[in-house]
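Report on the structure given below.
Derivation of every value follows stated rules applied to the coordinates shown; laboratory data play no part. It should be emphasised that the depicted structure is a prediction, and the values quoted were computed from it without experimental measurement. All Cβ positions, even for glycine, are placed from backbone atoms using ideal geometry, and neighbour counts span all protein chains on display.
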Amino acid sequence: MALVFLFECLSSRRLALFDSAIDSGTLLNFGSLFNPLVIMFNQWWRLITAQFIHINLLHFISNAVMIYYVSQFLEPTLGKIKYLSVFLLSGIGGNLMSLAFGSDLTVSAGASTSLFGLFGVILVLVWDNQTPAMMAIKQQFLALAILNLVLDLFISDINIQGHFGGLLFGVLFGIIFGGQKNQKLYATRWRIVAIFATIILTLILIGIGMQVSY
């Protein structure tokens, strides 16, 4: 993400710090999410690339610090492959929610959709664990998720649809993938339910997004 942001700044010929932003044209060229391009020109890859693009330095630093913080717990717990999978898939899910319910006139980008997905995974992993350490982790990350969602309501230009979608898909992927290596924290029937819920939710969001964009 750091290299991508650096190239964004070089391409736009602007050092986007805290009170400025990368221009929309550059963001679009680098793969930010813009609903009409996804639907009318079949640029579905933007659901992935938008996760790695940021509008200014503050946007990048805030996401990078939080992801680093969350990864200290989650990556050793899931393993690298599962961690990367839930990161990317939750980001796609969050961007699908934005496609369905976000503004068709807004260019959106950032790893916060993936970050909320990681929040969702953590909450699922520790929800039934009553040890003092896990209870503390649960309270901490639940508070962070709620605080960020509440802040979304009062800060302009925040993609709250994407954040909520990332959190929702993160919960589902936490049920599906949860546990270390081959360990599964949830019974097979619940994992099957989560898989079907993920597929159905994905199809619904695509269907809504296509109707809105046209």
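Taking amide H positions as modeled 1.01 Å from N, with prolines and chain starts lacking one, no residue 5 or more places away or on another chain lies under 5 Å from TRP127.
Rounded, prolate or oblate: which one fits segment 1-126, using the alpha carbon gyration tensor with axes a ≥ b ≥ c (rounded when a/c is under 1.5, else prolate when a/b beats b/c, else oblate)? It would help to have the intermediate numbers written out before the result.
Details: a/c = 2.19, a/b = 1.33, b/c = 1.64.
Note, shape of segment 1-126 comes out oblate.
Per residue, the Cα convex hull of segment 44-111 amounts to 87 Å³.
In loop segments of segment 18-122 as defined by DSSP, the chymotrypsin sites (Phe, Trp or Tyr not before Pro) with at most 11 further C-beta atoms inside 10 Å of their C-beta are PHE18, PHE41, TRP45.
For segment 1-111, the residue among ALA109, PHE73, MET1 whose Cα projects farthest onto the positive side of the dipole built from Cβ charges is PHE73.
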